[in-house]
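Shown next, in structure tokens, is the structure this report addresses.
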Amino acid sequence: MNHQNGRKKINLKAPHRRSLLRNQTIHLITYGHLVTTKATAKEVQRFAEKLITLARVGPDFNTRRRAKAMLPYKDEALNKLFKEIAPKYVERPGGYTRIIPLGRRPSDTAQIAKLEWV
């Protein structure tokens, strides 16, 4: 049975996976899109949507502290998240990103997908 298996491991140990998701999310916030494998895109989508849901409340102290704990690397990305991205989704109840399949990578035939803001 496959009950309560909530996230993909992406064949990485936990600290490496955490840093990968954080860096990919920073890239998504900075550039507005991300091209990666489909499994990684799904995990980054979960992480980014949780951040947007948190940031929609507004830039009060506790919200910024919690977001900083999730994305500790770049303050520029956090500022962009709170000032530009989150205010666009205040009225939206969820589903802030979309995944567009791009086919398979020629070298190892991994499924590639593009993750972008709605």
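Looking at the range 32-54, is at least one residue free of Cβ contacts under 8 Å to residues at least 40 places away in the same chain, within 17 Å of W117 (Cα to Cα), out of contact with any Gly (no Cβ under 7 Å at 6 or more places or on another chain) and among the hydroxyl-bearing types (S, T, Y)? Yes, the range 32-54 contains at least one residue that is free of Cβ contacts under 8 Å to residues at least 40 places away in the same chain, within 17 Å of W117 (Cα to Cα), out of contact with any Gly (no Cβ under 7 Å at 6 or more places or on another chain) and among the hydroxyl-bearing types (S, T, Y).
Counting only helices (runs of 4 or more DSSP H) that fall entirely inside the range 8-102 and contain at least 1 residues that are at negative phi and loosely packed, with under 12 Cβ neighbours inside 10 Å, the qualifying elements are 14-31, 61-70, 75-80.
Just for the range 103-118: of the residues that are surrounded by fewer than 11 Cβ atoms within 10 Å (Cβ to Cβ) and β-branched (V, I, T), which one is farthest from V44 (Cα to Cα)?
Narrowing the range 103-118 to residues surrounded by fewer than 11 Cβ atoms within 10 Å (Cβ to Cβ): 103, 106-109, 118.
Next, only the ones that are β-branched (V, I, T) stay: 109, 118.
Numbers: T109: 21, V118: 15 Å.
Result: T109.
Residues are listed down the side, and each one gets a yes or a no for (1) within 24 Å of G6 (Cβ to Cβ); (2) touching a Leu at 6+ places or on another chain (Cβ under 9 Å); (3) modelled with pLDDT of 95 or more:
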position	(1), (2), (3)
L21	yes, no, yes
L28	yes, yes, yes
G58	no, no, no
A67	yes, yes, yes
V90	no, no, yes
G95	yes, no, yes
A113	yes, yes, yes
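Hey, can you tell me all the residues within the range 40-96 that are more than 15 Å from the chain's Cα centre (by Cα) and small (G, A, S)? Matches in the range 40-96: G58 only.
The values are calculated or read from the model by the stated rules, or taken from the named source; none is laboratory data. Note that the structure is a prediction, hence the values are computed from the model and not measured. Cβ atoms come from the backbone with ideal geometry, glycine included; neighbour counts cover every protein chain shown.
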